[in-house]
Amino acid sequence: MHLLFDILLIFLFIPSYSCQNNLTYVFSQLTIAEIELLLNSNGFILTNSSYVKRLSSSTVNFLNSTQIVLSANDIQSIAVTWDTGDCTFPSALALQYPSINISSPICFTELNITATNLLQLTITSKQLAHAAYIFMNHYTLTYFSIIISDSSSFYTNLAQEFSTYLTEYSLILEQFLFKSSFTSSVLSARSKG
């Protein structure tokens, strides 16, 4: 599921005109090597350090990752890809950086903050599909594949609902894959953009 959120959130926050000078910082447990292995995406936007700066959210490295963000001056947006439902950290980032878009996949608690730059994704969020459509339309992409963890019916339902929204925009679901049952060779080039 972390991979699905990585893909969606990165696509949401990378306007092509600003990528030359600014980065999307992504807090995630997935490494660049894992993305390259799973998606065969070496050289594509998800692994290109000119677009995305990946920061570890693992226990050992989380403090260092936070310090990197706090000292950075080239932030376009920040994506937090964990799925714990705790939005305390993304909320703090949103308050610290009011002009930068911050995203967190799922917030299970109501947040009492005035920040308007925090995007909270939920299972019923059509805004996420619309944002993905805008990105895909900008790059003239038609096909998409969804890769999810097969450990939870919640995430399977979330991915199915997301694909339904995208197909409403005349985009074509090429494949629906579980992380444990595929290799990078099963994805076509048209779903890797």
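Label-to-label distance, Phe178 versus Ala115, with points set 7 angstrom from Cα along the beta-carbon direction: 3.6 nm. Exposure proxy shown here: for Tyr169, Tyr139, Tyr97, the number of other Cβ atoms within 10 Å sets the order, fewest to most, as Tyr139, Tyr169, Tyr97.
Only the coordinates and a few stated rules stand behind these numbers; no lab work does. Bear in mind that the values here come from a model prediction, so they are computed numbers and not experimental data. All Cβ positions, glycine included, derive from the backbone under ideal geometry; neighbour counts span all protein chains shown.
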